[in-house]
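Some notes on the structure that comes next.
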Amino acid sequence: MPINKHQIIRYQALDKCFRNNGKRYFIEDLIGACNDAIYNFSGNSDGVQKRQIYDDIAFMLSEDGYAAPIEKNKVGRKVYYFYTDINFTINNQPLTESEALELKETLVTLNRFKGLPQFEWIESMTTRLEASFQFGIDANQIIEFDQNEFLKGKEHIKDLYHSITNKTPLTISYKSFSANTEVEIELHPYYLKQYNNRWFVFGKNPKYDNITNLALDRISKIELLEANFINTDIDFQEYFEDIIGVTFSNEFQSEAIIVRVDIGLWPYIETKPLHGSQKVVNKTDEFVDIKLELIPNYEFESLILQYGEKIVVLEPKHLKEKIQDRIKQLIKKYNCAD
């Protein structure tokens, strides 16, 4: 069974008590020490039970735990606990089997980042840990992530990451899909985001009031710029709350959008909501109407269209008409292709 944070905190607290040969620790003292340690870590404690401490001691004594040299002496009707070897500590012991299992599972997940700049250390660490603990991990045999290993632009992640953390302005050579020539852009980078298997960097270009968004696969060169960094107070977790994807405009406000979903598609939309604001407003045997609160953008339109006839926008009128127009253009092109 995986070890949780409170268990680890209790083991550390008990280890400290057992190593202290200047005080006798009875069961009540051990409970108090564990409660104090948990409180200092999390700011609250539900109260450690006596049975938990007995179980913790049993685990620490076991070969599956730390094989700790814990002894107990009786004073009257009470018992205190201590290490027979005061130089012993669980922090100097090799990983237990349960800890090794957790580490192995973590390494399997970390393997998803192999090949990405800024995460080169993972491959080296994984190899060393596999050799040290004889793990023999082959993550691709049991789990796979949706990641394009040949994605253009990912080589810039490391430089951009460092520039963000070190607050370093940059000069970026950039060519958008719609431009014929490359331009140089001054950017004070704030945030990296991946969407639809593409990476984007968000920052401040002094020429514009709004945040600038650049796709990494359109960047050809990044150079450090000698200038004072322009800070921001934007919380980018909140910044993206009202949109799907990465296209954001201050010209538009979040609005209520009503979408009708075919009943056959509903289980998929229910378990994987279109947006965090999704709420059911009407449900029949044939369809489910849901309400979304967001700023409609190109990514949202594309998301709706990918479901074809299974999803229809009902409100607002301007968005419904825009989707209808895109469908008409699509039909027109299909007709021309005959």
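Each reported figure results from applying straightforward, stated rules to the coordinates on display, with no laboratory input. These figures come from a predicted structure and were not determined experimentally. Cβ coordinates were reconstructed from backbone atoms using ideal geometry, including for glycine residues, and neighbour counts include every protein chain displayed.
Distance from the Cα centroid of segment 22-40 to that of segment 55-91 is 14 Å (rounded to whole angstrom).
In terms of surrounding Cβ atoms within a 10 Å radius of their Cβ, Cys17, Cys336, Cys34 rank from fewest to most as Cys336, Cys17, Cys34.
Going by the alpha-carbon gyration tensor, a ≥ b ≥ c the square roots of its eigenvalues, is segment 158-203 rounded (a/c under 1.5) or, if a/c is not under 1.5, prolate (a/b greater than b/c) versus oblate? Judged from the Cα gyration tensor, segment 158-203 comes out oblate (a/c at least 1.5, b/c at or above a/b). What list of ³J(HN,Hα) couplings, whole Hz, do you get for segment 311-319 from phi and the Karplus terms 6.51, -1.76, 1.60, once you set θ to phi - 60° and write x for glycine and proline? With the stated coefficients, segment 311-319 comes to 9, 10, 7, 9, 9, x, 4, 5, 6 Hz. Cβ crowding within 10 Å, taken as a proxy for footprinting-reagent exposure, orders Phe200, Phe240, Phe177 from fewest neighbours to most as Phe177, Phe240, Phe200.
Taking a straight Cα-Cα cut-off under 24 Å and skipping sequence neighbours fewer than 8 places away in the same chain, the lysines within cross-link reach of Lys158 are Lys114, Lys167, Lys175, Lys193, Lys204, Lys221. Would you mind classifying segment 255-336 by shape? Square roots of the alpha carbon gyration tensor eigenvalues, ordered a ≥ b ≥ c; an a/c under 1.5 is rounded, otherwise it is prolate if a/b is larger than b/c and oblate if not. Prolate. For Tyr190, what residues show an amide H to amide H distance below 5 Å, using hydrogens built from the backbone and excluding near sequence neighbours? Placed amide hydrogens put Phe202, Gly203, Lys204 under 5 Å from Tyr190. For His318, His275, the sequence from fewest to most other C-beta atoms within 10 Å is His318, His275.
Under 18 Å of direct C-alpha separation, and excluding same-chain neighbours fewer than eight residues apart, Lys272 reaches these lysines: Lys283, Lys291, Lys310.
With a ≥ b ≥ c the root eigenvalues of the C-alpha gyration tensor of segment 5-92, is it rounded (a/c under 1.5), prolate (a/b larger than b/c) or oblate? It comes out oblate by the Cα gyration axes. Partners of Lys74 within straight-line reach, counting lysines whose Cα lies under 16 Å from its Cα and excluding those fewer than 8 residues away in the same chain: Lys23.
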